[in-house]
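The values are calculated or read from the model by the stated rules, or taken from the named source; none is laboratory data. In this text the structure is predicted, and so the values were computed from the model without any measurement. For neighbour counting, all protein chains shown are included, and Cβ atoms are generated from backbone atoms with ideal geometry for every residue, glycine included. Quick note on the areas: whole protein, heavy atoms, side chains included, nothing else; ligands and nucleic acids left out. Shrake-Rupley method; radii C 1.70, N 1.55, O 1.52, S 1.80 Å.
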Amino acid sequence: MSEKTENAVKIFHAAPDFYNCAQAVAASCGRADLLDKMKLCGGGRAPSGLCGALYAATQVLPPEKCAEARAAFVAANGAETCVKLKKNPNIKCADRVASAVAIVEKISQAGK
């Protein structure tokens, strides 16, 4: 697990900030400018019911990479909406946060 991924899991729902999934992904990807926007995107409240971690990943990446990120997230997690993801109790939200950050890193590194 990369340093960014470990950080995302560490700050997810932890004091002092209690970041939701979307905020944890944005913060760990160095996008503090998105924290306020992501505040309302946890717990299934992201647009179209997307997982907040996935939504944040799509906001961090360039628009042309969003479809790739969504496909990778579905391949790794089985769905892209919070409602569907929560039906699988074996995968925790922290795991989805880690998955989203890992996907951002992989796509970002491939573009270099």
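Taking the range 1-15 as the range and being part of a helix (DSSP H, G or I) and open to solvent by 30 Å² or more (accessible area, probe 1.4 Å) as the test, the residues that pass are Glu3, Lys4, Glu6, Asn7, Val9, Lys10, Ile11. I'm trying to understand the selection: among the residues of the range 16-42, which are open to solvent by 100 Å² or more (accessible area, probe 1.4 Å) and not in a helix (DSSP H, G or I)? Scanning the range 16-42 gives Pro16, Phe18, Lys39, Leu40.
Within the range 86-100, which residues are more than 16 Å from Tyr19 (Cα to Cα) and open to solvent by 40 Å² or more (accessible area, probe 1.4 Å)? Spell out how you get there, then give the answer.
We begin by selecting, within the range 86-100, every residue more than 16 Å from Tyr19 (Cα to Cα); these are 86-91, 99.
Residues satisfying the conditions are Lys86, Lys87, Asn88, Pro89, Asn90, Ile91.
Starting from residues that are assigned to a loop (DSSP other than H, G, I, E, B) and modelled with pLDDT of 95 or more, keep the ones in the range 43-77 and report whichever is farthest from Val104 (Cα to Cα). I'd like the intermediate steps shown before the answer.
Our first condition is that a residue be assigned to a loop (DSSP other than H, G, I, E, B); within the range 43-77, this holds for 43-46, 51, 61-62.
Still in the running and modelled with pLDDT of 95 or more: 45-46, 51, 61-62.
Values: Arg45: 21, Ala46: 18, Cys51: 15, Leu61: 7, Pro62: 10 Å.
For the range 43-77, the residue satisfying everything is Arg45.
The set of residues from the range 96-112 being without any contact (Cβ under 8 Å) to a residue 60 or more places away in the chain and not hydroxyl-bearing (Ser, Thr, Tyr) comprises Ile103, Lys106, Ile107, Gln109, Ala110, Gly111, Lys112. Is it fair to say Ala94 is assigned to a helix (DSSP H, G or I), at pLDDT 95 or above, among the aliphatic types (A, V, I, L, M) and closer than 19 Å to Arg45 by Cβ? Yes; evaluated as a whole, the condition is true for this residue.
The residues on offer are Val104, Val83, and the sole one that is hydrophobic (A, V, I, L, M, F, W, C), on the phi < 0 side of the Ramachandran plot, open to solvent by 60 Å² or more (accessible area, probe 1.4 Å) and assigned to a helix (DSSP H, G or I) is Val83.
Would it be correct to say that Thr58 is open to solvent by less than 60 Å² (accessible area, probe 1.4 Å) and in contact (Cβ under 8 Å) with a residue 24 or more places away in the chain? Taking the combined requirement at face value, the residue does not satisfy it.
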